[in-house]
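Below you'll find the structure, written out as structure tokens, and then a few comments.
The values are calculated or read from the model by the stated rules, or taken from the named source; none is laboratory data. If you're wondering where the values come from, they're calculated on a predicted model, not measured in any experiment. A quick note on method: Cβ atoms are made from the backbone with ideal geometry, for glycine too, and the neighbour counts reach across all protein chains shown. The area values use the complete protein model at the heavy-atom level, side chains included, leaving out ligands, DNA and RNA. Shrake-Rupley method; radii C 1.70, N 1.55, O 1.52, S 1.80 Å.
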Amino acid sequence: MAETFHSKAALVTDSANTNLLTAAVGETLIIIHCQVANVDGTNAADLYLDMVDDEASDVTGALAHTISIPADSAINPIGGKLVLEAGDKINIWAGAASDLEVTISYLKIT
């Protein structure tokens, strides 16, 4: 069993259900940190973040829904560790394009 740490950064778009991260077949991902920053110096922006459970026929659970992030600030929308099993994914989008940026760190177990 191999364990490796990874991180990813992305610009959050306003396209609903944009995939941020998916656990592939044969792997488990443990999310250890997720931060979303509003880089717009003037306006607040709404954040949407969902976990899609592949094992439960793609049932979606909201991790953050219409959370307003003030200009020039950041939040950590996942309050602890989150386990993604094979096929599970995290989707993210914003109320306004180009205002939010996300960084996520995770442990991949294969």
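Quick notes on this one:
- Search result, residues across the stretch 90-110 that are part of a loop (DSSP other than H, G, I, E, B), of a type outside the set (Ser, Thr, Tyr) and either open to solvent by 40 Å² or more (accessible area, probe 1.4 Å) or without any contact (Cβ under 8 Å) to a residue 12 or more places away in the chain (or both): 95, 97
- Annotation: residue 55 fulfils all but one of (1) open to solvent by less than 50 Å² (accessible area, probe 1.4 Å); (2) outside any loop (DSSP other than H, G, I, E, B); (3) closer than 24 Å to residue 3 by Cα; the unmet one is (1).
- Entry remark, the stretch 1-16: residues being outside any strand (DSSP E or B) and either under 13 Å from residue 28 (Cα atoms) or open to solvent by 80 Å² or more (accessible area, probe 1.4 Å) (or both) number 3 in total.
- Only residues that are more than 23 Å from residue 25 (Cα to Cα) and either of a type in the set (S, T, N, Q) or modelled with pLDDT of 95 or more (or both) were counted across the stretch 41-61, and they come to 7.
- Subset of the stretch 29-47 (residues that are open to solvent by 30 Å² or more (accessible area, probe 1.4 Å) and either in contact with a Ser or Thr (Cβ under 7 Å, 6 or more places away or on another chain) or farther than 14 Å from residue 94 by Cβ (or both)): 30, 32, 33, 35, 41, 42, 44, 46
- Any hit, the stretch 97-106, residues being at pLDDT below 95 and of a type outside the set (S, T, N, Q): yes
- Of all residues in the stretch 1-21, none satisfies being modelled with pLDDT under 95 and of a type in the set (Ser, Thr, Tyr).
- The residues of the stretch 58-89 that are in a strand (DSSP E or B) and open to solvent by 40 Å² or more (accessible area, probe 1.4 Å), listed by number, are 59, 60, 62, 63, 65, 66, 67, 68, 74, 75, 83, 89.
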